[in-house]
Amino acid sequence: MINKVKGTYDLLPSDIYIWQYLEKFIKELYQKYNYKEIRTPIFEYSNLFHRDNEHSDMVTKETYNFKDKGNRDLTLRPEGTAGVLRSYIENKLYANNRLVKLFYIGPNFRYERPQKGRFRQFMQFGVETLGSNDYLIDVEIIKLAFETVKQLGLKQYILKINTLGDKQSKTNFEKALVNYLTPFYNELSFDSKERLTKNPLRILDSKDPNDLKIIKNAPSLKDYLSDKSKESFENITKMLTSLKIDYEIDYKLVRGLDYYSDTVFEILSTNPNFGSQTALVGGGRYNSLVKELGGPEIPGIGFAFGMERLVESIKLEEISLPKEKTLDAYFITFDPKTKKEAFKLQALLRDNGFITDLNYLNSSFKSQLKEALSEEAKYLIIIGEDELNENKVTVKDTKLETQEKVKIDNLVSYLKEKLNV
Ligand code: AMP
């Protein structure tokens, strides 16, 4: 037997309705905010992700890289933003100084240590808004992420926001942080030692107990913000408050990727059974990324949700979702002759908009009945020798347990009336 690859999972029919519901829900909600869907390839040239000033673990350690037969260096996308921006630049979607609002949904691949809520292939959906640095766009994006969890009916979550400041504020703070941490170099964890030169802000994200002790007295980002950054962040938080969106400011929230500046945010699950990977969504501003990827200087902001974690939240909070439609009718037959008749009748019912099925395994009456009930069929259509001779079928209502004989010629109108089809 060949097993699935470590860190991947199969989505079986018993669970798929949650995913289909979620996908439909997202598309409808995001359309309301005027986001247009974009679909980009799942693999790209490696240098789209492996850039000189991108030192995150995700890019340096976790990508699936390979050469194709044409000796091209390719990478399975570990996240959505880079591919969407590549496409935005390549297709000149920025023409006429338009504000472009894009939304995507699709699989990503990271060679991470698999655990609860963390996979090597996982689904993300997210948005990118390109072309404006208006603080109201930041609010719109945060509100959209917030509405996603709220309108799904979830209750156990918290929104955390922070600002990393503009480029200058971020650089000044990084310098101060490195100055503070350098005397502690020998005491820092292995990862933090490495981050000290490459991505010092990420040290604030460390979970290592000893790192945490050292970080406790580190300089605070808020003391290094430029007046402009401070004012913009204040505008954002004020507007969030007036929209009645609860949030917590977390000055240690820095997010993994190097390209973020200004606003960053996450929504985390607070369900006690969620496991350690609690981030449902992460996002932020990236005002220099379009340029870094070879495009014009255009500001952007976006977020990405992990779908597996949303599905897990829906299950843990026992949110009841509308179930998939079940069978209107299931045919029960007794021999090749009655099965053939059922097969023809089934085609007629399906043409008339009914959802039906029948048994192709020549199973016993009892197993056919069992199958029909497990499929939650609303009606059984029983065709035996007697019925055939009378040009009728027996129609049984599985809920009321009533049954009556119906002329084959009248079956469609009979079911239409009963099922309001
Ligand atoms: P990131 O792109 O790392 O900012 O992640 C955005 C969101 O994607 C996270 O908040 C998670 O919900 C989800 N996510 C990231 N990595 C994984 C993973 N390996 N497995 C499952 N979900 C993930």
Item to check | Proximal charge balance of SER276 [Cβ under 10 Å; K/R count +1, D/E count -1] | outcome: +3
Item to check | Solvent accessible area, Å² - LEU99, 1.4 Å probe, full protein context | outcome: 70
Checklist entry - Where does the chain land on Rg/Rh, using Cα atoms and the Kirkwood Rh? => result 1.12
Next on the checklist: Can you tell me the length gained on complete extension of the stretch LYS222 to LYS155, counting 0.36 nm per residue apart and subtracting the Cα distance?
Outcome noted: 21.1 nm
Checklist entry - Per residue, what accessible area does the chain have, given a 1.4 Å probe and all protein chains present, in Å²? => result 53
Checklist entry - Where the accessible area of the chain is counted over protein heavy atoms with a 1.4 Å probe, how much of it, in %, is carbon and sulfur? => result 49
Item to check | Spatial separation of Cα centroids for the range 382-421 and the range 143-161, in angstrom | outcome: 48
Item to check | Inter-label distance, nm, simple model (7 Å from Cα along the C-beta direction), GLU404/ASP386 | outcome: 1.8
Checklist entry - Given charges of +1 on the Cβ of Lys and Arg and -1 on the Cβ of Asp and Glu, with all other atoms neutral, how large is the dipole of the range 329-419 about its Cα centre, in debye to the nearest 20? => result 100
Item to check | Dipole of the range 329-419, positive direction: furthest Cα of GLN368, THR402, ALA347, with charges on the beta-carbon | outcome: ALA347
Next on the checklist: Tell me the angle of helix 135-151 to the major Cα principal axis of the chain, expressed in degrees between 0 and 90 and rounded to the nearest ten.
Outcome noted: 40
Next on the checklist: Between the range 206-282 and the range 47-125, what is the separation of their alpha carbon centroids in Å?
Outcome noted: 23
Item to check | Relative contact order (percent, whole number), the chain, Cα cutoff 8 Å, 6+ residue spacing | outcome: 15
Checklist entry - Just how large is the dipole of the chain about the Cα centre, in debye to the nearest 20, putting +1 at every Lys and Arg Cβ and -1 at every Asp and Glu Cβ? => result 420
Checklist entry - Cα-Cα pairs above 17 Å in the range 243-377: how many percent? => result 74
Checklist outcome for this item: Highest mean packing first, using Cβ neighbours within 10 angstrom, the peptides 266-272, 345-351, 378-384, 183-189 sort as 378-384, 266-272, 345-351, 183-189
Item to check | Per principal axis, descending, Cα span of the range 329-419 in whole Å | outcome: 30, 28, 24
Next on the checklist: Starting from 0.36 nm per residue, how many nanometres of slack lie between ASP134 and LEU12 once their C-alpha separation is accounted for?
Outcome noted: 39.6 nm
Checklist entry - On average over all directions, what projected area in square nanometres does the range 1-160 have, based on the convex hull of its Cα atoms? => result 12.9
Checklist entry - So for ASP227, ASP52, ASP328, ASP134, what's the accessible-area order with a 1.4 Å probe, most first? => result ASP52, ASP227, ASP134, ASP328
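The values are calculated or read from the model by the stated rules, or taken from the named source; none is laboratory data. On a predicted model such as this, the values are computed, not experimentally measured, just so you know. Reconstructed Cβ throughout: ideal geometry from the backbone, glycine too, with neighbour counts over all protein chains shown. For accessibility, only protein heavy atoms count, side chains too; no ligands or nucleic acids. Shrake-Rupley method; radii C 1.70, N 1.55, O 1.52, S 1.80 Å.
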